[in-house]
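Okay, so here's the structure we're looking at.
The values are calculated or read from the model by the stated rules, or taken from the named source; none is laboratory data. As the structure is a prediction and not an experimental result, all values here were calculated from the model. Positions of Cβ are backbone-derived with ideal geometry, glycine not excepted, and every protein chain shown enters the neighbour counts. Ligands, DNA and RNA are stripped out before the accessible areas are found, and what is left, the full protein with its side chains, is counted by its heavy atoms. Shrake-Rupley method; radii C 1.70, N 1.55, O 1.52, S 1.80 Å.
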Amino acid sequence: MQHHHPADAPEHPQWAALQARLSDAENAAAVLEVDLDSAGRFNRGLLVLTDRRLLAWDPATAAWSEWALRPDLAMRISDHAGVGSLELVDGSQRLALWRFTLQINLQAQRWHEAFERRDEPARPDAEELSFCPSCKAPLPPESEECPTCARELHTPPSTWVLLRLWRFAKPYQGQLLLGFALMLGSTAATLVAPYLTMPLMDKVLIPFQQGQRIDPWVVGLYLSGLLGAGLVSWLLGWAKTYILALVSERIAADLRTTTFDHLLSLSLEYFGNKRTGDLMSRIGSETDRLSVFLSLHALDFITDVLMLVMTASILFSINPWLALATLLPLPFIAWMIHLVRDRLRTGFEKIDRVWGEVTSVLADTIPGIRVVKAFAQEKREAQRFHQANAHNLAVNDKLNKTWSLFTPTVSLLTEIGLLVVWGFGIYLVAGGDITVGVLTAFIAYIGRFYGRMDSMSRIVSVTQKAAAGAKRIFDIIDHQSNVPEPTNPQPLGAVKGGIQIEDIGFRYGNRAVIRGLSLDIKPGEMIGLVGHSGSGKSTLVNLICRFYDVTEGAIKVDGTDLRRIGVADYRRHIGLVLQEPFLFFGTIAENIAYGKPDASREEIVAAARAAHAHEFILRLAQGYDSLVGERGQGLSGGERQRISIARALLINPRILILDEATSSVDTETEKEIQKALDNLVQGRTTIAIAHRLSTLRKADRLVVMDRGQVVEVGPHEELMAKQGYYWRLYEAQARRVDADDEQPALLPNPNAHTVQA
């Protein structure tokens, strides 16, 4: 018995057993290797979709399950906090559930798509599955790129995505209607001149050639008609181009603003999976491209359609048979457009992504030029840019092969059509069916007709390029934040600063960082978070700031769940000082007042004094009006940190979070900041993270964390007296011995004896 087995399918220990379970002529249409078992542990399961049934291997139970394919079976796919799930349901009843890490999310998406298409007629090549040789993910049909390796599920853009721009065009529908009316009038005016060639030929030129007397007034009338039509066409064309250009720029500006506003509303998790250069390319160059498309190419396309329809109507009114000969190349051109449209659309979308790689190299290298030069890696970065640029060139060359064949072929077909019209027209003139003037008018109209047809064929490229750009922009707009705003936000009111952390859990991707953590922080209390790197301190702070939402449990402020409070309303009460201070390009005063733009100069100076920054600011050439370079260039690390602290203090937050706030300053500066903080933390809930444990001795309580859990809580003296986890950390630092060398893990070894200092 032979069964279809893709040659490059992922190898799995149960594949042989699967082969034995398949019946005659039953083939595996889609295979997915899930990496979590039913208990949530890492284990290799298997999901197999055949043309008859669904089979599943659960490594936890070491058993196969199967379900016959029925129309009422449905598969739901979802993910939450790094764990994805596939749920098989029958109506409202759940039949089975499989979990997987987001590392194989793209393969799961492809498998889910195959399940959804299970009732579609099979294509001749449907049984041939191909897999990426690197990550073993199923490759889309006729695809040369693995979406898993590209770290994004790339769906080909559709031309219909351009219709979504109507949302941004609707406010300007009055101007658009006026522009369309002007376009209609301008197009009609351009069609007057060829029509006047008939009487000019039949009533002026040919009679004059035969020796007849011509009335100069009649000649002047026809020439005046040509001049008037040209002037009207110019005037209307200028007006509609100007109006529609203004509208298109406003549509693009609104699109750019909406995209950026939505980008700012997304959670930090989204930015962790995206490159800065790619996002800059989408918001910048893609919106510019759409603006050009709307102001020029879309306008040209509508003009071309109007010209073709109106010209065809005139041609049929003059002579139907000659008009049919004129339209002869049209079906062939339409067939070619349909043939290359999809290739152009997917090609341009890939070009956009590859160009994003080029801009990402620039966005990485230029801000980090100091590090590049410090490590003498100029050649390496140049090589990265050369590779990205070469990739961009190769993708463009491949697309140009298609386009270079398409454009001349359309021109050839129009030339053949013109030749057919000439031949058939001469035949009709010889037979007395039409006059020379009619044939001349036909040739004039055909020049416009075929010119517009050739222009329409060329606009296919521009349209697909615009569709690819619109798709990349709407990918941002359609993305939903993982930290959603509540539907009916609860007013926060006066914040006291009490924080209740109730049995929370959180995952970064497929890695559990926080597990079963509970902590009650009283209003005005200072908490110090300590522990080895990777113990979950910064993650806990991110959860308290609601940069991420907890997977399990809840975090409450003054008894109210954070998820029921408006994000901006809550964060107005938080002052955050990061481990790596970030300053914007602008003056010292503007950076300090970033969280409170309307702050007076007195308030700014008071915050700077509290952060012990006032003295060094006055030593600068322009004082508080001194410009800070990009990312704070020109200031020392300690100076940047003190400005960052002043920025947090200016908003007078009820909750103050210091994430390694003194890690970038020297000992003397640290002492000055500590003196200021001793006064400022009074009556304010403060959460501080510091590797130098001596800086946290004045904290009301120290919370010792290890592997995402709280292992000790108490004041410094109490924890030192216990001689437990905190004591070992403190003693290791005091002796300048790396804590990991002295104690590999904070959790005690039950078989080891405690060594007293």
Inset, instruction - Would you mind getting me the FRET efficiency between E668 and L578? Use the beta-carbon distance for r and R0 = 30 Å, nearest 0.05. - result: 0.85
Legend entry - Gain upon complete extension [L627, L73; 0.36 nm per residue less C-alpha separation]: 193.1 nm
Inset, instruction - Within 10 Å, count the other beta carbons around each residue, average over each peptide in 542-551, 642-651, and list them highest first. - result: 642-651, 542-551
Legend entry - W217-L620 pseudo-label distance in nm [points 7 Å out on the Cα-to-Cβ vector]: 8.4
Inset, instruction - Give, in nm to one decimal, the length gained when the segment between E66 and L393 is fully stretched (0.36 nm per residue of separation minus the Cα-Cα distance). - result: 112.8 nm
Legend entry - Apportionment of accessible area to carbon and sulfur, segment 225-271, percent (1.4 Å): 73
Inset, instruction - Show me 105-114, 383-392 ranked by packing, highest mean number of other Cβ atoms within 10 Å first. - result: 105-114, 383-392
Legend entry - Cα→Cβ-extended label distance, 7 Å offset, between D35 and K401, nm: 3.5
Legend entry - Exceeding the 26 Å Cα-Cα cut-off - candidates K496/K698; K556/K722; K522/K698; K401/K465: K556/K722
Legend entry - Highest-first arrangement of 64-70, 439-445, 180-186, where packing means the average Cβ count within 10 Å: 439-445, 180-186, 64-70
Inset, instruction - In nm, give the distance between the simple-model label positions of S533 and V309, each being 7 Å from the Cα along the Cα-to-Cβ direction. - result: 6.7
Inset, instruction - Report the extension gain between E378 and Q490 in nm, rounded to one decimal, defined as 0.36 nm multiplied by the number of residues separating them, less their alpha carbon distance. - result: 35.0 nm
Inset, instruction - Enumerate by residue number the trypsin sites (Lys or Arg not before Pro) in segment 182-285 meeting two conditions: DSSP loop (anything except H, G, I, E, B), and at most 11 other Cβ atoms within 10 Å of the site's Cβ. - result: R213
Legend entry - Förster-model FRET efficiency, 60 Å R0, S85 and L362, C-beta, rounded to 0.05: 0.95
